[in-house]
Amino acid sequence: MQAECLAAAYRLWRRNWKGPGREYTSGALVWQMDDCWPVTSWAIVDCFLRPKPAYFAIARELRPFTIGMTRKTKKIFRDDRSAAFFTIEHTLEIWGTNSTLDDKEVYLDVVAFDLENEGWRGGAEKQKVVLKRNSATELFEGPLPGQQTRTKESEVPKPIVVSARLLDVESGEVLGRYSNW
């Protein structure tokens with residue numbers, strides 16, 4: 001749980017570094033590095049100097065190239081006088097970060113899986129994108145693949161898992177990856 005929490009925090013903080021004049025989060029301080037005796041704590045290294053899972057999660061989120069995703073659910077009312085008729089839409093946002101001093105051309109590879117519909121897999125062709133230097137770049141904002149628009153709160157959304165990777169254009173090496181459950 002600690003690793004997931006810290007990874008999400010660092011991922012979102014890095015998204016807020018959007019380039020000149022838009023550096024909304026300028027950094028993060030790792031506050032509790034290690035424990036001095038055996039104890040349960042938020043430290044990322046235990047008292048024997050063994051890294052906890054959170055150590056590796058933070059290290060992954062601080063690599064030069066990373067990718068992140070978030071989903072949003074929005075309720076849209078038919079008119080402003082009644083809450084009886086509405087639609088619920090699901091959107092997906094994907095961003096990449098580049099902490100180097102040069103723009104980086106990469107492929108964005110996104111695949112969605114429906115956990116209830118065996119064999120269903122959706123995704124687009126690899127898309128070439130440019131990660132701006134020393135900033136976060138918004139790569140995609142649109143409907144969540146495979147998720148239907150709902151008209152009732154009682155309708156359960158489909159369990160869709162989305163996986164995204166940043167691939168080096170020249171070598172095909174995976175520079176960053178993230179899965180959103």
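The values are calculated or read from the model by the stated rules, or taken from the named source; none is laboratory data. Only a predicted model underlies this, so the values are computations on that prediction, with no experimental measurement involved. All Cβ positions, even for glycine, are placed from backbone atoms using ideal geometry, and neighbour counts span all protein chains on display.
Would segment 129-152 turn up any residue that is outside any strand (DSSP E or B), among the hydroxyl-bearing types (Ser, Thr, Tyr), closer than 30 Å to residue 77 by Cβ and in contact (Cβ under 8 Å) with a residue 40 or more places away in the chain? Within segment 129-152, one or more residues are outside any strand (DSSP E or B), among the hydroxyl-bearing types (Ser, Thr, Tyr), closer than 30 Å to residue 77 by Cβ and in contact (Cβ under 8 Å) with a residue 40 or more places away in the chain. Please give the number of the condition residue 11 fails out of (1) among the basic types (Lys, Arg); (2) closer than 19 Å to residue 177 by Cα; (3) loosely packed, with under 14 Cβ neighbours inside 10 Å. With (1) among the basic types (Lys, Arg); (2) closer than 19 Å to residue 177 by Cα; (3) loosely packed, with under 14 Cβ neighbours inside 10 Å applied to residue 11, the lone miss is (3).
Considering segment 58-110 alone, what residues qualify as being farther than 17 Å from residue 15 by Cα and among the acidic types (Asp, Glu)? Residues satisfying the conditions are 79, 80, 89, 102, 105, 109. Considered as a group, the residues in segment 45-89 that are aliphatic (A, V, I, L, M) and touching a Lys or Arg at 6+ places or on another chain (Cβ under 7 Å) include one that is farthest from residue 1 (Cα to Cα), and that residue is 88. Of all residues in segment 155-169, exactly one satisfies the criterion of being modelled with pLDDT of 95 or more and part of a loop (DSSP other than H, G, I, E, B), namely 169.
The set of residues from segment 25-60 being modelled with pLDDT of 90 or more and either assigned to a helix (DSSP H, G or I) or closer than 26 Å to residue 138 by Cβ (or both) comprises 53, 54, 55, 56, 57, 58, 59, 60. Kindly indicate which of 40, 87, 100 is over 19 Å from residue 163 (Cα atoms) and touching a Ser or Thr at 6+ places or on another chain (Cβ under 6 Å). Within the list 40, 87, 100, the selection yields 87.
Among the residues of segment 1-24, those that are more than 16 Å from residue 55 (Cα to Cα), of a type in the set (D, E, K, R) and either part of a loop (DSSP other than H, G, I, E, B) or in contact with a Gly (Cβ under 8 Å, 6 or more places away or on another chain) (or both) comprise 14, 15, 18, 22. Condition first: among the hydroxyl-bearing types (Ser, Thr, Tyr), outside the structural domain of residue 170 (by TED's automatic domain parsing) and either in contact with a strand residue (DSSP E or B) (Cβ under 6 Å, 6 or more places away or on another chain) or more than 17 Å from residue 10 (Cβ to Cβ) (or both). Can you find one or more residues in segment 41-54 that meet it? Within segment 41-54, one or more residues are among the hydroxyl-bearing types (Ser, Thr, Tyr), outside the structural domain of residue 170 (by TED's automatic domain parsing) and either in contact with a strand residue (DSSP E or B) (Cβ under 6 Å, 6 or more places away or on another chain) or more than 17 Å from residue 10 (Cβ to Cβ) (or both).
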